[in-house]
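Worksheet: one structure, shown below.
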Amino acid sequence: MIKMLNIHPLYSSSSGNMFHIESDKTDILIDVGVSYKAINEGLKEINKNISDISAVLITHEHVDHIKGLSLLCRKNSIPIYACGKTANLLSDMLKEKNITADINKVFYGQPFKINDLEITPFETSHDAISPCGYNIVSNTSKLTYATDLGLVSDEVFEYLKFSDYSVIEANYDKTMLEFGKYPYPLKHRIKSDLGHLSNDDTANIVTKLASIGKSQFLFAHLSQNNNNKEVLLNTIENKLLENDIPTSNISLNVASKNLSGEVYNIC
Ligand SMILES: [Zn+2]
Ligand SMILES: [Zn+2]
């Protein structure tokens, strides 16, 4: 018996996302935004096979979250879960390609079960049709997964607050984005309330959570062009210290872009 949740951030960046979450009875994936070949390579890296996967949870329809979905569904009959209109959109997309898929429509705030996991999708503020994050509760642990959001709403904060472990986006450093080579409309989109979280935004949330005793964080979906691990961790640590919160007991981790072999355990 594992008696914990294991988190494997197999792919995490603006160019492709896929997390593997494992309880003592269940293996699931969150997003499949890499090629089908990369999905299989990712699973092999952690000694898993596609046939081990009980479900795939999709956060939204952007390509960095669904790139491998069509081929995955063509070759396997794994149940796919997505929120509201995202589920309709994915069903239509797969039907157009003559792919029969087991798409399950779920709704914001309504929990569903996958074996020993209770999962609740929640709304995120992002420029997609029905974007969501997921709160995942096992017999022993609570995890909240929130990437691709322009702001952290009170509701998202509540899920983070009542979790043992937060996977949260830290997409860009404001200065790197400002002085980088992205065209103005793209910079504007990223910074908007329907875009992505900056390191400063994430630092503020971490500070609020740390001040009420939360101590386990994994930062995800870093931009390759407008962020890096050192800049992010400096921003977070400085913000904590400014607020007189010692960093020694707080676990601050950064998900690597590709297959690093990292595993995080929530006991
Ligand atoms: Zn997105
Ligand atoms: Zn994304």
Right, Tyr159: within 24 Å of Ser91 (Cα to Cα) and either in contact (Cβ under 8 Å) with a residue 12 or more places away in the chain or more than 16 Å from ligand 1 (Cβ to nearest atom) (or both) or not? no
Among the residues of the stretch 23-40, is any surrounded by fewer than 23 Cβ atoms within 10 Å (Cβ to Cβ), at positive phi and either away from ligand 1 (no atom under 16 Å from the Cβ) or aliphatic (A, V, I, L, M) (or both)? no
Asp193 fails exactly one of (1) under 21 Å from Glu262 (Cα atoms); (2) not in a helix (DSSP H, G or I), namely (1)
Filter the stretch 182-215 for residues that are under 19 Å from the mean Cα position of the chain (by Cα) and basic (Lys, Arg); the one that is farthest from ligand 1 (Cβ to nearest atom) is Lys214
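Yes or no, residue by residue, for (1) in contact with a helix residue (DSSP H, G or I) (Cβ under 7 Å, 6 or more places away or on another chain); (2) over 28 Å from Leu160 (Cβ atoms):
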{"site": "Ser23", "(1), (2)": "no, no"}
{"site": "Glu61", "(1), (2)": "yes, no"}
{"site": "Asp64", "(1), (2)": "no, no"}
{"site": "Ser70", "(1), (2)": "yes, yes"}
{"site": "Arg74", "(1), (2)": "no, yes"}
{"site": "Ile119", "(1), (2)": "no, no"}
Of Tyr165, Tyr108, which residue is more than 16 Å from ligand 2 (Cβ to nearest atom) and either over 21 Å from Asn17 (Cα atoms) or at pLDDT below 95 (or both)? Tyr108
Looking at the stretch 104-128 only, could you name the residues that are within 12 Å of Ile58 (Cα to Cα) and β-branched (Val, Ile, Thr)? Val106
Under the condition of being buried (at least 20 other Cβ atoms within 10 Å of the Cβ) and more than 16 Å from ligand 2 (Cβ to nearest atom), which residue from the stretch 1-22 is modelled with the lowest pLDDT? Leu5
Filter the stretch 41-66 down to residues that are within 15 Å of Ala128 (Cα to Cα) and buried (at least 23 other Cβ atoms within 10 Å of the Cβ) and give me whichever is nearest to ligand 2 (Cβ to nearest atom). His65
Take His65 and tell me if it is modelled with pLDDT of 95 or more, touching a Cys at 6+ places or on another chain (Cβ under 8 Å) and either part of a helix (DSSP H, G or I) or not acidic (Asp, Glu) (or both). no
Hits in the stretch 83-112 - residues which are among the aliphatic types (A, V, I, L, M), under 20 Å from Ser51 (Cα atoms) and out of contact with any Phe, Trp or Tyr (no Cβ under 9 Å at 6 or more places or on another chain): Ile99, Ala101
If we ask which residues in the stretch 70-85 are assigned to a helix (DSSP H, G or I) and under 16 Å from the mean Cα position of the chain (by Cα), their number turns out to be 0
Those residues of the stretch 116-149 which are out of contact with any Asp or Glu (no Cβ under 8 Å at 6 or more places or on another chain), outside any strand (DSSP E or B) and either at pLDDT below 95 or away from ligand 1 (no atom under 16 Å from the Cβ) (or both) amount to Thr140
Matching residues in the stretch 23-44 - criterion: being at pLDDT 95 or above and either among the acidic types (Asp, Glu) or assigned to a helix (DSSP H, G or I) (or both): Asp27, Asp31, Tyr36, Lys37, Ala38, Ile39, Asn40, Glu41, Gly42, Leu43, Lys44
Glu262 passes all but one of (1) farther than 21 Å from Leu143 by Cα; (2) at pLDDT below 95; (3) not aliphatic (A, V, I, L, M); which number fails? (1)
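The values are calculated or read from the model by the stated rules, or taken from the named source; none is laboratory data. Note that the structure is a prediction, hence the values are computed from the model and not measured. Cβ sites come from the backbone with ideal geometry, for glycine too, and all protein chains shown count toward neighbours.
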